[in-house]
Amino acid sequence: MCALSSPAQQIFIEKGKIEFERTTNVHKRLEDDMDEEDMSFYEGLKKQLPEFKSSYFDLYFDHDKTLYEPGREVEAAKKVPDWLTGPADDNIVFSDLTAQNFSSQKTVFENTYNIQDSLRKAEWKITSDTRIIAGFQCRKATTTIMDSVYVFAFYTDQIVTRGGPESFSGLPGMILGVAIPRMHTTWFATKLVTADPKISLIAAPKKGKKINISGLKTTLYNSMKQWGKYGQRNTWSIMI
């Protein structure tokens, strides 16, 4: 197994495994949920919880196919209650970048869905800003999803597969960093491994009730339309 930490070690990579660290600012999430009458409860809860929650995911890729799924567990993450981080916290996402479709297994409260649909058509705007992520030179791009949710991402063209964490794709290379300020959440690659036996086993998830994006939106609206801003945030978490 070979882990790469510098782009000079290999150029134009077509297959491998990328570990992503997803980090959520727990205290900011709590502040978003605060109502004046509940202020003392939330302030007390903040003192009991870590400021950030980190969890790890693996993205396997082989040319035009990717599989994103939960990775290694972190004990500290268990200290943050599920209701705070929201549903769809352990997504499995398979993407076929040539066929332009995906299949995603998501747990939404007591239900498991298998969402099958076309890849999101994000209108990315590529900027001149750059940064190094996991040893790769990356360029910044921005877009808006779900009508009003701003996203910025960093991609590298040294990994030719045009995928990324969750259901993000569509840039001229692999997305190694994503940030959604309104969700107080980021996804950043920590390392690339070029030799892993699971790379050859990339396939769509099988579990869950089959549904498409339109059907999922309707289901979410009907179940959370009375939940206000908490329901809106949950919808964002599910739909990414």
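The values are calculated or read from the model by the stated rules, or taken from the named source; none is laboratory data. Worth saying up front: this structure is predicted, and the values here are computed from it rather than measured. Here the Cβ is made from the backbone with ideal geometry for all residues, glycine too, and neighbour counts use every protein chain on show. Ligands, DNA and RNA are excluded from the accessible area calculation, which covers all protein heavy atoms including side chains. Shrake-Rupley method; radii C 1.70, N 1.55, O 1.52, S 1.80 Å.
A few remarks follow.
- Test result for I145, among the β-branched types (V, I, T), crowded, with 17+ Cβ neighbours inside 10 Å and closer than 29 Å to G215 by Cα: yes
- Within the stretch 52-74, none of the residues are in contact (Cβ under 8 Å) with a residue 12 or more places away in the chain, touching a Phe, Trp or Tyr at 6+ places or on another chain (Cβ under 7 Å), basic (K, R) and buried (at least 18 other Cβ atoms within 10 Å of the Cβ).
- Scan of the stretch 148-162 for residues that are assigned to a strand (DSSP E or B) and either touching a Ser or Thr at 6+ places or on another chain (Cβ under 6 Å) or buried (at least 20 other Cβ atoms within 10 Å of the Cβ) (or both), ordered by number: Y150, V151, F152, A153, F154, Y155, T156, I159
- Screening I132, I199 for residues that are assigned to a helix (DSSP H, G or I) and surrounded by fewer than 18 Cβ atoms within 10 Å (Cβ to Cβ) leaves exactly one candidate, I199.
- Subset of the stretch 163-190 [in a loop (DSSP other than H, G, I, E, B), surrounded by fewer than 20 Cβ atoms within 10 Å (Cβ to Cβ) and on the phi < 0 side of the Ramachandran plot]: P172
- For the stretch 75-111, residues that are open to solvent by 70 Å² or more (accessible area, probe 1.4 Å), at negative phi and not β-branched (V, I, T) total 7.
- Among the residues listed as D38, D82, D33, the single one being in contact with a helix residue (DSSP H, G or I) (Cβ under 8 Å, 6 or more places away or on another chain) and modelled with pLDDT under 80: D33
- Within the stretch 80-96, the set of residues being free of Cβ contacts under 8 Å to residues at least 40 places away in the same chain and more than 17 Å from T185 (Cα to Cα) comprises D96 only.
- Selection count, the stretch 130-155, where residues are within 23 Å of S55 (Cβ to Cβ) and among the hydroxyl-bearing types (S, T, Y): 2
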